[in-house]
Every structure is written in structure tokens, then in C-alpha cells.
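The next block holds one structure in the form of C-alpha cells; read it before the comments.
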Amino acid sequence: MDMVENTSRPVGRPRDEEAGPAILAVARRLVLSHGYCGVSIALISKEAGVGRQTLYRRWVSKADLVLDAFFASASENDSFERLPFELALRTFLETLFENLKEDGPAIRNLIASAQSDLPFCMEFRERFVEPRAEVVRAIFERGLAEGQVREDADVALAIDVIHGAFWYRLLQGEALDESYAKRLATFVTRTYGRT
């Protein structure tokens, strides 16, 4: 049986792998200047100099594209696993706050937009809130396993306390910095840690 080599070419133009980061940068810039509701796939396409189909081949929706633009560098980091409980929590918060520093106004806008757009709200929760909650949960679970956290610690409540504290400050436009990360980590450790 003879083997026939398939020499057919894919239909359409080849995918430009370098276009992705450029498109994300344009989406980011537009959301920073116009807000989430003021941005459309058509506007991103026009400003990025690519066809809408290029965007839809990579992202299923505007929400998907915008969330990639802002949250590609999630605060999920293996380095937290090797640190004592309080230091791991503080390092996580410092990293998160550093990532939020530049994007604070845009993130506030995304949160506001999520309140009136249920699909976007669900996507925002899945792509931003839940991954960071999982990092905190993992820090707590390791702290429990290593005897640094009390066995009766309400981990779900602790996650809410941590998120509530930083969301409140973010929404109020207050500083999210190393000092606040240290204060919050110390508070959580005093509340849930073994003494």
C-alpha cells in the first residue's frame, strides 16, 4: 500500500503568533481609556489593525479577550508553597497588589460592568476571583498540614475576609501596597494561626 503525503495547505492565512500580545495590549489600552462598556470587538479589531475573525478565532467573546488582557499574569505562584504561612500570605498579597496597582481604575470599571452583565460577572469570577481564592486556600491547607494554622480555622471565612479587605480598598481607591499586605497577613495570622 502506497502512502500519499498530504501536501495540502490550511485554508486561510497562517496564524500570526505575535499578533496575540499586540491585540491584548490594544484591548488593555482601550479598556483603560474607555471602560469595559465603551469597548467592542469592532473597536479592538480596528485599533489592532486585524479583522474581527482574527479576534473570534482566538477569543470567544469580548469578555474573554478583555479578561485575558488584564489577567494573563495571575497571582498563582509556586513560590508561595515553600514559605511559612504568614510570609506566604504576605508574598501572595504583595504580588496581587503589585499587579492591581497599575490596573486599579480599569479593574474597578470591570467590577462595575460585571454587576449588570451576568455572563461577564460569571467569567470575571471564574477567571479572576476563584483562582486567587484557590491560592489562599492552598496557603491555608499547607499551613494546616504544617501546624501553623489552627485546626478550627474557618478557611472559607478567612478567604472572604482577605478578599473583602482588598476589594474594599481597591473600590475606594485606597493604597494596596506592601504595608497593607503585611498588616492584612499579620491580622489573618493572629486570627487563624497557632500561637
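Values quoted throughout were computed directly from the atomic coordinates according to the rules given, and no laboratory measurement underlies them. The model shown is predicted, which means the values in this text are computed figures rather than measured ones. Cβ: placed from backbone, ideal geometry, glycine included. Neighbour counts: every protein chain shown.
Summed over qualifying helices (DSSP H, 4 residues or more, each -39500 (n - 2.57)) and divided by its residue number, the chain shows a 222 nm mean residue ellipticity of -21000 deg cm²/dmol.
Rounded to the nearest whole Hz, the Karplus-based 3J(HN,Hα) values (6.51 cos²θ - 1.76 cosθ + 1.60, θ = phi - 60°) of segment 63-70 follow the sequence 4, 4, 5, 5, 5, 4, 4, 9, with x at glycine and proline. For GLY193, the residues whose modelled amide H falls within less than 5 Å of its own, excluding neighbours fewer than 5 places apart on the same chain, are ARG150.
Here the ratio of the Cα radius of gyration of segment 113-182 to 2.2 N^0.38 Å is 1.30. Shown here: segment 73-192, whose C-alpha atoms stretch 43, 28, 24 Å along the first, second and third principal axes, sorted largest to smallest.
In vacuo Debye scattering of segment 19-69, one point per C-alpha: log10 I(q)/I(0) at q = 0.23 Å⁻¹? These q points yield log10 I(q)/I(0) values of -0.73.
In a simple Cβ point-charge model (Lys, Arg +1; Asp, Glu -1; nothing else charged), the chain has a dipole of about 580 debye relative to its Cα centre. Given the options VAL50, TRP167, LEU157, identify the residue whose Cα lies farthest towards the positive end of the charge dipole of segment 39-179 (+1 on Cβ of Lys, Arg; -1 on Cβ of Asp, Glu). Result: VAL50, furthest along the dipole toward the positive end.
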